[in-house]
Amino acid sequence: MYTSRWQGSARRERGGDGVVEMLKRRLGRTNFEASVIGFGGGPFIRPAWEQGVKAVRRAIELGVNLIDTARQYGESEAMLGEAIKGARDRLFISTKSHFRTKEEVARSIDESLRQLQVDKIDLIHLHSVDREEDLKQCLAKGGPLEAMREARAGGKVDYIGISGHRSEVLVPALKTGEFDAVIVTYNLINDDAKQELLPLAQEMDVGVLAMKPLDGGFLAVPREAAQLRVADRATSTVEAALRFALSNPAVATVLVGMVSVAEVEEDVPMGFVPQKMPLEDRTALQARARGTLYTFCQGCGYCLLQCPEDIDIPRIFKLQVLLEQYRMKEYARVTYREVFRQQVEKCTGCESCMERCPSQLDIPELLRKADLILS
Ligand code: SF4
Ligand code: SF4
């Protein structure tokens with residue numbers, strides 16, 4: 001099995017010799033000293049509940065002190081609420097509201113508090129503000145931002161942030177001065193934020209949470225591939241991808257989606273060691289990533305919430321990556337035939353899934369192509 005050299009660090013920590021400890025960075029004007037590895041709750045849209053609770057608790061044991069989720073992530077908030085019982089005081093909780101009216105946002109904040117089983121949310125974000133119209137709607141008088149300000153005045157939240165995938169929308173948002181933190185995509189393949197957004201955030205003392213450091217898991221050796229010893233075809237390792245994101249000093253924490261104790265024990269120890277990667281290494285890594293990576297989907301799972309036929313779209317696209325990049329023909333085709341083909345056959349082409357896809361993919365068309373390749 002492919003192993004990261006940092007797994008050794010996890011073992012040392014478990015041994016209790018006190019040598020290793022999670023590094024922390026100040027999250028902008030919130031002044032919170034955040035663990036450089038944050039727990040991303042996105043993959044828990046459809047949680048394996050027991051496994052999720054164990055993963056979160058192990059991450060907290062290893063020093064993760066920032067947890068991010070969203071009202072839109074299905075059962076994620078509820079699972080996290082269960083997992084963080086007894087540890088709330090040590091944690092900084094960030095969640096998001098994707099609604100676009102003041103009343104809906106106010107209701108969703110109350111629901112987040114209930115699901116997370118907490119009295120206060122540390123940081124609430126306007127979620128997925130990816131278009132200029134979204135931003136306009138969010139900032140409008142009597143709109144979503146106003147609901148967040150009122151929640152802050154009422155003691156339900158401490159800080160307000162914004163999340164999105166496009167710097168050209170987030171830069172004007174930060175310039176309003178309304179936001180204490182920003183969640184933005186930042187990884188080997190998509191590093192647009194470094195041009196203007198990250199320097200601006202630093203200048204304005206806005207905390208930066210980098211999302212999708214592994215591009216939905218596609219940037220590093222997929223676990224399925226790791227077991228089959230095809231790591232040499234990987235775009236990068238988890239270690240390299242996380243170090244890349246953390247090499248930018250503007251980034252306070254990277255949000256990593258980890259769905260099992262094994263993943264936590266592999267990924268969290270990256271936060272135990274200094275992260276700075278020399279510029280020439282970063283450039284070489286990016287060149288390799290851009291040359292080898294075969295993917296188009298960020299694995300965010302937003303489409304799952306929209307699909308009336310319950311088609312596991314990101315998983316199907318991942319199988320295509322396993323086949324095309326990792327040459328795992330048999331595994332990909334057998335898994336597709338046995339589990340996913342019946343799902344794809346139910347696709348009606350309604351395009352609901354495309355409404356919230358941050359990559360603006362033509363999902364039904366890509367599913368048809370995936371079916372041809374995987375069949
Ligand atoms: S187009 Fe297909 S995959 Fe997309 S939401 Fe409709 S049924 Fe689901
Ligand atoms: S298809 Fe789009 S919405 Fe669905 S997981 Fe991929 S990037 Fe996210």
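Would region 131-152 turn up any residue that is within 21 Å of ASP192 (Cα to Cα), crowded, with 16+ Cβ neighbours inside 10 Å and under 23 Å from the mean Cα position of the chain (by Cα)?
Taking every residue of region 131-152 in turn, at least one turns out to be within 21 Å of ASP192 (Cα to Cα), crowded, with 16+ Cβ neighbours inside 10 Å and under 23 Å from the mean Cα position of the chain (by Cα).
Could you check how many residues of region 306-340 are within 16 Å of ligand 1 (Cβ to nearest atom) and in contact with an Asp or Glu (Cβ under 7 Å, 6 or more places away or on another chain)?
2
Considering only region 323-359, state which residues are within 16 Å of ligand 2 (Cβ to nearest atom) and either loosely packed, with under 12 Cβ neighbours inside 10 Å or at pLDDT 90 or above (or both).
PHE340, GLN343, VAL344, CYS347, GLY349, CYS350, GLU351, SER352, CYS353, MET354, GLU355
Please go through (1) farther than 19 Å from LEU170 by Cα; (2) touching a Lys or Arg at 6+ places or on another chain (Cβ under 9 Å); (3) not aromatic (Phe, Trp, Tyr); (4) not in a helix (DSSP H, G or I) for ASP122 and return the number of the only condition it doesn't satisfy.
Failed condition: (2).
So is ARG368 free of Cβ contacts under 8 Å to residues at least 60 places away in the same chain, away from ligand 2 (no atom under 16 Å from the Cβ) and not assigned by TED's automatic domain parsing to the domain that holds ASP192 or not? Even if it seems obvious, please write down each step before you answer.
Working: free of Cβ contacts under 8 Å to residues at least 60 places away in the same chain: yes; away from ligand 2 (no atom under 16 Å from the Cβ): no; not assigned by TED's automatic domain parsing to the domain that holds ASP192: yes.
So ARG368 fails the test.
Surrounded by fewer than 21 Cβ atoms within 10 Å (Cβ to Cβ), modelled with pLDDT under 90 and in the same structural domain as GLU33 (by TED's automatic domain parsing): does that describe VAL238?
So VAL238 fails the test.
Output yes when any residue across region 6-29 is modelled with pLDDT of 95 or more, under 15 Å from VAL264 (Cβ atoms) and buried (at least 21 other Cβ atoms within 10 Å of the Cβ), and no when none is.
Taking every residue of region 6-29 in turn, none turns out to be modelled with pLDDT of 95 or more, under 15 Å from VAL264 (Cβ atoms) and buried (at least 21 other Cβ atoms within 10 Å of the Cβ).
The values are calculated or read from the model by the stated rules, or taken from the named source; none is laboratory data. All values reported here derive from a predicted model rather than from experimental measurement. So basically every Cβ, Gly included, is an ideal-geometry build from the backbone, and we count neighbours across all protein chains shown.
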